[in-house]
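Asks: Take a look at this one; I'll ask things after.
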Amino acid sequence: MPPTLEELETSWNDLFSEAKDAVGDIEDYFRQIDDATSVVVETLSSAVKEGVKKLGEIKDDLVAMYNEAEAHQLPVISLMRQSFAWLDSVKSPISDLSPKVTIWRDQNLSSWKGGAGRAYLIEKTGQQRAAIDDAWQNADKISAWLMDIAERNVDYMLEFVDKLGVILGQYVGAAAAAGTLIGIAEAIGDAADMVAQLFADMVDLLTDVASRFMAAVSDERKIDSITSDNSALPGGKWPESVVG
């Protein structure tokens, strides 16, 4: 079964909670690295100093990336809610009308004779059913488009959280080495190089996800095509039962 709106919102918020915790932990472990190396800075090699600097810069970049993503947390929830609203408040009730169009609410209508009766029974009900079907089908398409945009955001955060977890492990190891000063030169250098590569991979992944997100957002033609199709709405208007 597809997830409910509540499940989607919970998963989305959980991703931000995980990301926030990971970024906070990275800040804490870098602080430990910086504090430990500052005490013996005069004895450290240039490679270690450069490694600490690199770890600090990437830490700052990760914080900035999280802060930028956090600004979209509530708007994406709004997208999810609107996607479901198009289904629950538009598609469902309108589609329910479709089979009822040709069911006479007043049985005397079935005895309606003459040109007006034929026009209503044969033409108007058919036109109205087509318009109703067009309306609920368009609602479904708009809902899918909104959810597509929301899903691209979810993909972004999934990749972000996944890479954050791996990067965090490198900061943990570097902090442990800095705290004991055992093999610090090699440990800090290796951690800095690994974090730099992981961060570069993360940026590539997120750039790819972001490009697919922008493609979904900027596909105005999709919505224009949906809203400008008047094949079931003669003259762009709802087909009237009776023309005065």
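Asks: Going by accessible area, probe 1.4 Å, with all protein chains left in place, what is the ranking of F84, F160, largest first?
Replies: F84, F160
Asks: Take the solvent-accessible surface of the protein heavy atoms, probe 1.4 Å, and return the percent of it on region 42-89 that carbon and sulfur atoms account for. Could the numbers behind the result be given before it?
Replies: Values: 1430 of 2760 Å².
With neighbouring chains kept in place, the figure for region 42-89 is 52 percent.
Asks: Shifting gears a bit: Could you tally the net charge around D14, taking each other residue with its Cβ under 11 Å from the Cβ of D14, Lys/Arg +1 and Asp/Glu -1?
Replies: Values: positive: K20; negative: E7, E9, E18, D21.
Summing Lys and Arg as +1 and Asp and Glu as -1 gives -3.
Asks: Something else: Could you go through region 76-83 in sequence order and give the Karplus-derived ³J(HN,Hα) for each residue, using 6.51 cos²θ - 1.76 cosθ + 1.60 with θ = phi - 60°, rounded to whole Hz, and x for Gly and Pro?
Replies: Values, residue by residue: 5, 4, 4, 4, 4, 5, 5, 4 Hz.
Asks: Whenever you get a sec, line up E70, E186 from highest to lowest accessible area (probe 1.4 Å, protein heavy atoms). Please list the in-between numbers first.
Replies: Working: E70 75, E186 125 Å².
The most accessible residue leads, giving E186, E70.
Asks: Here's another thing I want to ask about it. Which length gain, in nm to one decimal place, applies between D35 and L158 when the Cα-Cα distance is subtracted from 0.36 nm times their residue separation? Numbers along the way, then the final one.
Replies: Values: separation 123, 0.36 × 123 = 44.28 nm, distance 3.18 nm.
In short, 41.1 nm is gained.
Asks: Starting from the Cα of D28, move 7 Å in the Cα-to-Cβ direction to define the label point; list residues of region 171-201 whose amide nitrogen is under 15 Å from there.
Replies: 171-173, 175-176
Asks: Stretched out fully, how many nm does the piece from S46 to D133 gain, at 0.36 nm a residue minus the Cα gap?
Replies: Length gained between S46 and D133: 24.2 nm.
Asks: Given the Cα-Cα distance of D61 and D201 and 0.36 nm per residue of separation, how much length would full extension add, in nm?
Replies: 49.0 nm
Asks: Right, another one. Any chance you could look up the accessible area of S46 with a 1.4 Å probe, heavy atoms only, rounded to 10 Å²?
Replies: Solvent-accessible area, nearest 10 Å²: 100 Å².
The values are calculated or read from the model by the stated rules, or taken from the named source; none is laboratory data. These numbers come from a predicted model, not from an experiment. Quick reminder, even Gly has a Cβ in these numbers, built from the backbone with ideal geometry, and neighbours come from all protein chains shown. For accessibility, only protein heavy atoms count, side chains too; no ligands or nucleic acids. Shrake-Rupley method; radii C 1.70, N 1.55, O 1.52, S 1.80 Å.
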